[in-house]
Amino acid sequence: MKVAVIIVNYNDAEDTLKYVKKITEYETINRIVVVDNKSTTTGTFDKLKELESSKVKVIESDKNGGYDYGNNFGIKYLDSINEEFDYYIISNPDIEVSEDAIKHCLDVINSNDKIAVISPRMLNKDRNPIRRSSWKIRTFGLDVVHSTRLLELLLYKVLRNGEYSNKEYEVEKLEVEAISGAFFVIKANILKEIGLLDENVFLFYEEDILAHKLRDRNYKTISLNSEYFIHYESQTIGKSLSYYRKMKQMFKSKMYYHKTYNKINLLQISLFHILNVCRKLELLIEIPIRKLLNK
């Protein structure tokens, strides 16, 4: 089994350097491609180039086209130099994962032709399970509830129905619909069959789009709960985008996702726009409170 890891870096050289130096020693991994997604921090690319070896290649994307664009850029680079792999690992740089966990994932995904994606359970820095390690594909109804804090509070049970319970996570291999993009293993031939990752979203909804593509072809996604990886969440996104900009980008991705994959109608589109205005009004109160609590 030939395995390539794609790591997209954006203004996070410290985490990337630490992570790549560790996984370079893993015999399971044949190639590591670090894609610098047009970082704006001076000297980032030069620092990353120090990682290069017979196993590690550091490249720079031609633009910051987002998470999916950066990962696709790395995969297309491997194709351009005629390097073929059985599996790709899509990974954030701000994580920690053991080689044993990767090996176990490869063993399971290799055991069934219908398994397309697999990931260990995601834990936080305190080694507690992260609720959104995996989830059910976001439907129109679920995202209506997610649109404002008030609806989230009033219809909290609806939101929880879109997630997997602690009881479900007790099984070793849980078939899920969508899985976190922080770290997962995917079969290379299936990723190419579905046309790679969807570059039409810059940020947010990437996992749900991938889940839709796989489900439409009857492929399975597995959460391997007997293994784990730690997501330190360096908050690169938070440092780079203001809350309003993140909200704007999320709404843009939401509309693309629902129009393209859930085929929502004009009435549903209008409702999302109305709720987006309501959310902006909520922020007039919420953001000052956040700032006050952070002092």
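What shape does region 133-211 have by the C-alpha gyration tensor, where a ≥ b ≥ c are the square roots of the eigenvalues, rounded means a/c under 1.5, and otherwise prolate means a/b greater than b/c and oblate the rest?
It is oblate, given that a/c is not under 1.5 and a/b is not larger than b/c.
So how strong a dipole does region 127-175 carry about its Cα centre when Lys and Arg Cβ are +1 and Asp and Glu Cβ are -1, to the nearest 20 debye?
Dipole magnitude for region 127-175 comes out near 160 debye.
Report, please, the projected area of region 42-146 averaged over directions, based on the convex hull of its C-alpha atoms, in nm².
For region 42-146, averaging the hull's shadow over all directions gives 10.6 nm².
Within 10 Å of each candidate Cβ there may be at most 15 other Cβ atoms; applying that plus a DSSP loop requirement, which GluC sites (Glu not before Pro) in region 7-41 survive?
GLU25, GLU27
In whole Hz, what ³J(HN,Hα) sequence does region 116-130 give by Karplus (6.51, -1.76, 1.60; θ = phi - 60°), x for Gly and Pro?
For region 116-130, the Karplus-derived couplings read 9, 9, 8, 8, x, 5, 8, 10, 8, 5, 8, 6, 9, x, 8 Hz, x marking Gly and Pro.
Given contacts defined as C-alpha pairs under 8 Å and at least six residues apart, what's the relative contact order of region 190-292, whole-number percent?
Answer for region 190-292 is 33 percent.
Just report the Cα centroid separation between region 5-26 and region 42-107, whole Å.
Using only Cα atoms to place each centre, the spacing works out to 8 Å.
Consider a paramagnetic label point 7 Å from the Cα of ILE285 along Cα→Cβ; state which residues of region 133-157 have an amide N under 19 Å from it.
145-156
Just to verify a number: what accessible area does LEU150 come out at with the full protein assembly present, 1.4 Å probe, Å² rounded to tens?
Rounded to the nearest 10, that gives 100 Å².
Only loop residues by DSSP count here, and only those with at most 11 other Cβ atoms within 10 Å; note down the GluC sites (Glu not before Pro) in region 54-121 that meet that.
GLU84
Quick test of the membrane-span-like rule: which DSSP H helices of the chain reach at least 27 Å along their long axis (C-alpha atoms) with mean Kyte hydropathy at least 1.0?
none
I'd like the accessible area for CYS278, computed on protein heavy atoms only with a 1.4 Å probe and all protein chains in place. Round to 10 Å², please.
That residue has around 60 Å² of solvent-accessible surface.
State the answer as a single residue: which of VAL158, GLY66, THR221 lies farthest towards the positive end of the charge dipole of the chain, with beta carbon charges of +1 for Lys and Arg and -1 for Asp and Glu, about the Cα centre.
VAL158
So if the hydrodynamic radius of region 13-72 is defined as the Kirkwood radius over C-alpha pairs, what does Stokes-Einstein give as its diffusion coefficient at 20 °C and 1.002 mPa s, in µm² per second?
Once the numbers are plugged in, D ends up at 178 µm²/s.
Which value, in Å² rounded to 10, gives the accessible area of ASP216 with a 1.4 Å probe and all protein chains present?
It works out to around 100 Å².
Report, in debye and to the nearest 20, how large the dipole of the chain comes out about its Cα centre when Lys and Arg carry +1 and Asp and Glu carry -1 on their Cβ.
1260
Mind listing which trypsin sites (Lys or Arg not before Pro) in region 148-249 are in a DSSP loop and have 15 or fewer other Cβ atoms within 10 Å?
The qualifying sites are LYS167, ARG217.
Can you tell me the accessible area per residue over region 91-207, all protein chains present, probe 1.4 angstrom, in square angstrom?
Roughly 46 Å² per residue, with all protein chains present.
What percent do you get for the relative contact order of the chain when only Cα pairs under 8 Å and 6+ apart count?
Answer for the chain is 22 percent.
P(r) tail for region 174-295, what percent of Cα pairs lie past 17 Å?
68
Please compute the contact order of region 4-105 in relative form: average sequence separation of alpha-carbon pairs under 8 Å and at least six residues apart, divided by the residue count, as a percent.
39
For the chain, compute Rh as the Kirkwood radius over C-alpha pairs and then the Stokes-Einstein diffusion coefficient at 25 °C and 0.890 mPa s; write the answer in µm²/s, rounded to an integer.
Translational D for this selection: 122 µm²/s.
The values are calculated or read from the model by the stated rules, or taken from the named source; none is laboratory data. Treat the numbers as computed from the prediction; the structure is a model and nothing was measured. Cβ sites come from the backbone with ideal geometry, for glycine too, and all protein chains shown count toward neighbours. Please note that ligands, DNA and RNA were not included when accessible areas were found on the heavy atoms of the full protein model with its side chains. Shrake-Rupley method; radii C 1.70, N 1.55, O 1.52, S 1.80 Å.
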